[in-house]
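Comments concern the structure below.
The values are calculated or read from the model by the stated rules, or taken from the named source; none is laboratory data. Quick caveat, the model's predicted, so the values are computed rather than measured. With ideal geometry, Cβ positions are generated from the backbone for all residues, glycine too; neighbour counts draw on all protein chains shown.
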Amino acid sequence: MKRARLRDLGLSIGSLPTGPLNAITDVGGVLVGHETVILDQPRVVRSGVTVIVPENGNVWRKHLFAGTHVLNGNGEMTGGAFLEEFGLLAGPIAITSTHSVGAVYEGVVRCKHDLDLGFDLYQPVVAETDDGWLSDSAAFAIRPDHVHAALKAAQSGAVREGNVGGGTGMNAHEFKAGIGTASRCVEVAGERWTVGVLVQANYGRRDQLRLDGRSIGSRIPTHMVPSPWPYPKDEGSIIVIVATDAPLLPLQCRRLAQRAGLGVGRVGGTGAPGSGDLFLAFSTGNTHFMKAVDQPNVARFLPDLALSPIFDAVIEATEEGIWNALCAAEDMIGQGGRRSAAIPLDLLRQLA
């Protein structure tokens with residue numbers, strides 16, 4: 001059966017309506033770009049870079065309130081101290097493989113330098129999950145130029161999912177996975193807001209996999225669809241990026257990032273000790289100019305006790321984003337002939 005998104009199979013999650021694209025790009029001004037690197041010689045590489053670029057690329061100049069949350073910290077998201085101190089996202093977000101963080105960091109800084117914006121008060125945000133099972137990490141194949149290509153490719157509209165960009169070599173719940181996205185629309189304080197999520201999924205055991213509360217993974221045994229691993233394991237990582245046009249303060253963004261963990265849990269993630277489960281949320285509802293110091297800034301924000309629908313939106317979109325990663329991903333053979341099988345969509349539709 002041709003690969004498809006979850007809703008293309010007649011399946012859905014939760015009760016909230018999606019945005020037009022059911023993607024993080026439903027949040028106005030948010031762009032997504034991928035650069036995928038697949039090589040068989042001289043070494044086997046199944047890797048890449050994915051970038052999320054708010055403000056139609058102007059996030060370098062128009063900084064946004066943001067917050068982060070760590071469910072389990074066996075992973076890396078650079079720029080965390082800056083985010084904790086200032087509560088600002090001051091550039092694009094890049095997601096890649098574990099051993100590529102340094103090269104991607106350099107690539108982001110180079111792109112900023114090329115724009116002649118200066119280097120003050122900026123720490124790039126680069127997050128990772130490990131594709132070292134399918135891809136030869138020691139090849140160090142991802143270079144700064146790949147970041148430039150991903151940023152150049154960043155666009156609005158539908159987002160490619162599965163084996164693309166940073167998600168190229170990733171697995172989740174013992175199936176092939178990678179990049180996934182989803183969105184939700186809610187009404188809070190008399191206005192309509194959009195919440196979009198993008199995930200890079202690379203975690204979890206098959207027997208824990210669930211769809212909207214229904215057990216799925218335990219009903220697809222490994223003799224039917226082999227696991228990528230020779231033994232069960234729940235270590236891995238997931239990166240979740242949450243975007244919203246709702247006007248929020250940095251602390252409120254951090255609270256949204258926390259709720260991404262509930263979406264991961266609904267799919268079957270447990271924040272295992274060996275996992276890097278790192279989440280970031282940003283709001284396009286306010287912009288901040290770091291160099292504007294001669295007058296007070298004015299921010300608009302929703303009441304804290306009115307955020308429940310937005311929390312629900314984060315949870316639902318995170319869950320569906322993971323499932324879109326699983327549904328879009330295709331079978332892949334990596335280094336040493338290791339094979340990662342995609343979840344069979346016809347079987348999924350029967351079981352759900």
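Restricting the range 60-110 to residues that are under 23 Å from Thr284 (Cβ atoms) and of a type in the set (Ser, Thr, Tyr) leaves a set whose member that is farthest from the chain's Cα centre (by Cα) is Thr78.
When Val159, Val197 are checked against the criterion of being touching a Gly at 6+ places or on another chain (Cβ under 8 Å), surrounded by 24 or more Cβ atoms within 10 Å (Cβ to Cβ) and touching a residue at least 24 places away in the same chain (Cβ under 8 Å), a single residue qualifies: Val197. Evaluating Glu235 against the criteria (1) of a type outside the set (S, T, N, Q); (2) over 30 Å from Gly33 (Cβ atoms); (3) at pLDDT below 95 leaves one unmet condition, (2).
Gly33 passes all but one of (1) of a type outside the set (S, T, N, Q); (2) out of contact with any Phe, Trp or Tyr (no Cβ under 8 Å at 6 or more places or on another chain); (3) without any contact (Cβ under 8 Å) to a residue 60 or more places away in the chain; which number fails? Single failed check for Gly33: (3). In the set (1) under 21 Å from Asp331 (Cα atoms); (2) exposed (fewer than 15 other Cβ atoms within 10 Å of the Cβ); (3) among the charged types (D, E, K, R), Glu191 fails one condition alone, (1).
Within the option set Arg160, Arg184, being in a strand (DSSP E or B) and either modelled with pLDDT of 95 or more or touching a strand residue (DSSP E or B) at 6+ places or on another chain (Cβ under 9 Å) (or both) holds for one residue only, Arg184. The lone criterion from (1) buried (at least 24 other Cβ atoms within 10 Å of the Cβ); (2) in contact with a helix residue (DSSP H, G or I) (Cβ under 8 Å, 6 or more places away or on another chain); (3) of a type in the set (Val, Ile, Thr) left unmet by Val44 is number (1).
Taking the criterion of being part of a helix (DSSP H, G or I) and touching a residue at least 40 places away in the same chain (Cβ under 8 Å), the residues of the range 109-132 that qualify are Cys111, Lys112. Ile24 - would you say it is of a type in the set (A, V, I, L, M), in contact with a Lys or Arg (Cβ under 7 Å, 6 or more places away or on another chain) and closer than 28 Å to Glu330 by Cα? Against the criterion (of a type in the set (A, V, I, L, M), in contact with a Lys or Arg (Cβ under 7 Å, 6 or more places away or on another chain) and closer than 28 Å to Glu330 by Cα), Ile24 does not qualify. You will find that of Val314, Val298, the residue that is aliphatic (A, V, I, L, M) and outside any helix (DSSP H, G or I) is Val298 and no other. Contact map, the range 133-145: residues that are part of a helix (DSSP H, G or I) paired with residues that are acidic (Asp, Glu), Cβ distance under 6 Å, separation 6+ or inter-chain. Pairs shown: Pro144/Glu106.
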